[in-house]
Amino acid sequence: MINPSLVLITGDLTDGKSKDLLTMKQDEEEWAEYQNVMEDVVKRSGLKKSIFYDLRGNHDNFGVPVVGGSFDFFSKYSINGQLGRSGPVHSVTVQTVERKLLFVGFDSTMSVGLRGPTNLFGHPTDQLLTEIDSELSQWNSQSAIPITKISFGHFPLSFSATSNSGKSLKDIFLKHSLSAYLCGHLHTGFGKNLKRHHQSGHHLLFSPKYFQLNTHQIPSESTHNCSNIVSPIEEFWEWEMGDWRKSRVMRILAVDRGYASFVDIDFKLGAKRTIILPTFPLDSRFMLTTLSLNKYKCQSIDLSSYGTVRALVFSASPIVSVVAKIYDSRPGNLLAVMETSMSKLESGSSRGDLYAAPWNFKAFEDPSPDRFWLQIEATDIMGRSTLTELRPFSINGLSAKLSWTWKEFLVMGCQLAAVVLPNILVFLFVQHSPFFLFQKLLLRFPSSSTLVGSSIAIKAF
């Protein structure tokens, strides 16, 4: 039903835990099961194995002393390992009619795979950051061809430490103005709204080092100066997503004329006969804020792009009707203000059925980012109707509010790698230092006094 250009699996391919959940270690039987499952997915889907990219997560690195060693089952059983994709950084470019789509994936797990909780964080080295920077730069010399850049890894940036020189993944991603960074690691255990907008500090009214209170960062007025329109806008979205093992979640991401959008599918509610992904207008909660706002204020919007409402439709049954509906929320409830049929576009470049409908987008210009809401309805040949969730949109390029719960703020808004990781190391040092002290006491006191002295010393710590 879905014919993707790429399939990205962002780590934790196996659980890596004993049945009683007390021991974290690699289980070769679990890895063989992963390999068999993926071989079956490739066979039944008819997709080429080469379009699958899987990454090592911290669960895949429990107790792995060295990459390539006897306990490194990722190198043996993963798709990347089987296809000979060695090294921590891999990139692939998808060429469309109008632009290049560059995807760069990387492994930032520890070089020595410790067990939890010390391997809870990603540890990008200066060498890794240099390689990622190089891969993201590979098409920069071809300035005439538009490029959309997307990176994917396992750890959210809040769980990623800085390198020895103090550089970070965020620095690299801002430099290249990614459309999005896709990651995993948190398994929806802290919420489903694990998304964060990043922007360079010199464009912000307030640039905290250790935390960000809101999903969106607040840009300063200087970012809306049209004289700066030729300068790259340093911003990107970070979109964490749920796992398949327990949450049964899958994400479909599309890039439509440079605009990235996505829909998450919850298979716990059953298989889907029809899946709809609106691609324009963009959901005002997740668009690149400064870029969209600048384009609107400086009148540099692409009229050919803004002139139609568009959506991808994937269906197991033939579709007979697709309708775009727009609602106005200003009266206090949703009032239907537009309903129009969408036509299927004949395009060999789309990986699904792309539907579009012309509209007067200027009629929906408004200073509120969530006054107007879009919904797409598709009806198949059996008369079964599928509706998308209502999505706010803003022609003006304004961002709709997207709030975190306190748990979501804790794991996405706080730079835990900078705050928690040093405390874990201190805790481990304190827990082990009494044993070193005990050994020194053995050399200083007779055995009859050693037990008393060591016990007091240990309790003191």
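The values are calculated or read from the model by the stated rules, or taken from the named source; none is laboratory data. Everything numeric here is computed off the predicted structure, so don't read it as measured data. Reconstructed Cβ throughout: ideal geometry from the backbone, glycine too, with neighbour counts over all protein chains shown.
For residue 189, only one of the following conditions fails: (1) modelled with pLDDT under 90; (2) more than 21 Å from residue 266 (Cα to Cα). What is its number?
So residue 189 meets the others, but not (2).
Tell me, which residue of the range 287-338 that is among the charged types (D, E, K, R) and under 28 Å from the mean Cα position of the chain (by Cα) is nearest to residue 378 (Cα to Cα)?
310
Here's the yes/no breakdown for (1) more than 30 Å from residue 389 (Cβ to Cβ); (2) of a type in the set (A, V, I, L, M); (3) modelled with pLDDT under 90; (4) in a loop (DSSP other than H, G, I, E, B):
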site: 233; (1), (2), (3), (4): no, yes, yes, yes
site: 236; (1), (2), (3), (4): no, no, no, no
site: 245; (1), (2), (3), (4): no, no, yes, yes
site: 275; (1), (2), (3), (4): no, yes, no, no
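Return a yes/no flag: does the range 287-308 have any residue that is part of a loop (DSSP other than H, G, I, E, B), of a type outside the set (Val, Ile, Thr), more than 21 Å from residue 193 (Cα to Cα) and without any contact (Cβ under 8 Å) to a residue 24 or more places away in the chain.
Yes - at least one qualifying residue is present in the range 287-308.
Search the range 101-120 for residues being among the hydrophobic types (A, V, I, L, M, F, W, C) and touching a strand residue (DSSP E or B) at 6+ places or on another chain (Cβ under 7 Å), and hand back the single one that is farthest from residue 158 (Cα to Cα).
101
Out of 122, 166, which single residue is among the small types (Gly, Ala, Ser), surrounded by 14 or more Cβ atoms within 10 Å (Cβ to Cβ) and more than 18 Å from residue 258 (Cβ to Cβ)?
When all the criteria are applied, what remains is 122.
Scan the range 187-201 for residues that are in a loop (DSSP other than H, G, I, E, B), surrounded by fewer than 23 Cβ atoms within 10 Å (Cβ to Cβ) and within 11 Å of the chain's Cα centre (by Cα) and report the count.
0
Please give the strands (runs of 3 or more DSSP E) falling wholly within the range 346-431 in which 1 or more residues are at pLDDT 95 or above, in contact with a strand residue (DSSP E or B) (Cβ under 6 Å, 6 or more places away or on another chain) and crowded, with 19+ Cβ neighbours inside 10 Å.
Of the strands (runs of 3 or more DSSP E) lying wholly inside the range 346-431, those with at least 1 residues that are at pLDDT 95 or above, in contact with a strand residue (DSSP E or B) (Cβ under 6 Å, 6 or more places away or on another chain) and crowded, with 19+ Cβ neighbours inside 10 Å span 353-358, 372-380, 391-393.
In the range 136-152, what residues are surrounded by fewer than 22 Cβ atoms within 10 Å (Cβ to Cβ), modelled with pLDDT of 90 or more and either in contact with a strand residue (DSSP E or B) (Cβ under 9 Å, 6 or more places away or on another chain) or within 20 Å of residue 415 (Cα to Cα) (or both)?
138, 139, 140, 146, 147, 148
Residues in the range 14-29 that are in contact (Cβ under 8 Å) with a residue 12 or more places away in the chain, assigned to a loop (DSSP other than H, G, I, E, B) and of a type in the set (A, V, I, L, M): how many?
0
The rows are residues; the columns are (1) closer than 19 Å to residue 96 by Cβ; (2) β-branched (Val, Ile, Thr); (3) modelled with pLDDT of 95 or more.
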{"position": "270", "(1), (2), (3)": "no, no, no"}
{"position": "299", "(1), (2), (3)": "no, no, no"}
{"position": "302", "(1), (2), (3)": "yes, no, no"}
{"position": "327", "(1), (2), (3)": "no, no, yes"}
{"position": "333", "(1), (2), (3)": "no, no, no"}
